[in-house]
Structure formats: structure tokens, C-alpha cells
Amino acid sequence: QVQLVESGGGLVQPGGSLRLSCAASGSIFSIGAMGWYRQAPGKQRELVAVKTTGGSTNYADSVKGRFTIYRHNAENTVYLQMNSLKPEDTAVYYCNARNVLTALHTYLEAWGRGTLVTVSS
């Protein structure tokens, strides 16, 4: 069974920074892509940033230039550095992993439980 555990959320003032972390565990051989999604109250979950094993990245237009995704393939970890935060960045941020190959099974997708980011003065 694959588990994704996020950390690093919290309350930050507009213009501030936060760094989210996510670690995947569960006898993992490889992960195709790791990334971050977010869901604000009353809105659908949306992609924030994703990074493949090969290093390709994709960012939501709303976070380009402010957020940076980092990934350590060997450690099955992914990070999201968030700078110049805005109130509209307030959401629950979820870690996502795709095409997770383990000793017993290949998981097409796995999700963490989420970490809350609140941007407010």
C-alpha cells in the first residue's frame, strides 16, 4: 500500500513564503510523476504543479513565477516552495503520485490527506 504524507502547511501573511513537503512510502520502486493539487472552499481540486521522473514540470498559470516544485526521485519526496503568497492561494494542498510501481502492485494514482495553507493578514 502506498502512503503519501504531507507537511508544512500553516498560516502565513500575504507576501510570505511556505514550503510544503511530501514523502511517499510503501516498498516503492519508482514513481512516474509527483505533484501538488489544491482545493479551495467551494471550488474544485486543481493542479498546482507536477514534476515527472525525467524532470519535466507543469505549473498552473496562477502560480508561475511564485511557486517552485522540487523532487528527489531516489527518496520519493516532492516539495513545493511557495513565495509571494496571496489570499487566493488559501486551500488544502494535496500531494499526488502517478504510476507508482511497488513490489506487489502498480498504482495509477495515490493521494495524500492534504495540508491546509491559509494566507491571511
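Odds and ends about this structure:
- Under Karplus coefficients 6.51, -1.76 and 1.60, residue-wise ³J(HN,Hα) of region 113-121 in Hz, glycine/proline x: 7, x, 9, 7, 10, 10, 10, 7, 8
- Eligible lysines near residue 86 by straight Cα distance, threshold 18 Å, same-chain separation 8 or greater: 43, 64
- Computed over the chain: relative contact order in percent, which uses C-alpha pairs under 8 Å that are six or more apart: 37 percent
- A simple spin-label model places the labels of residue 74 and residue 30 1.7 nm from each other, with each point 7 Å out along Cα-to-Cβ.
- Accessible surface of the chain [probe 1.4 Å, protein heavy atoms]: carbon and sulfur percent: 48 percent
- Of the residues 86, 51, 43, the one that moves most in a GNM of the chain with alpha-carbon contacts below 10 Å is 43.
- Per residue, the accessible area of the chain comes to 54 Å², computed with a 1.4 Å probe over protein heavy atoms only.
- Sparse-neighbourhood loop sites, trypsin sites (Lys or Arg not before Pro) in region 54-121 - DSSP loop, at most 12 other Cβ within 10 angstrom: 64, 113
The values are calculated or read from the model by the stated rules, or taken from the named source; none is laboratory data. Quick caveat, the model's predicted, so the values are computed rather than measured. All Cβ positions, even for glycine, are placed from backbone atoms using ideal geometry, and neighbour counts span all protein chains on display. SASA here: full protein model, heavy atoms, side chains in, ligands and nucleic acids out. Shrake-Rupley method; radii C 1.70, N 1.55, O 1.52, S 1.80 Å.
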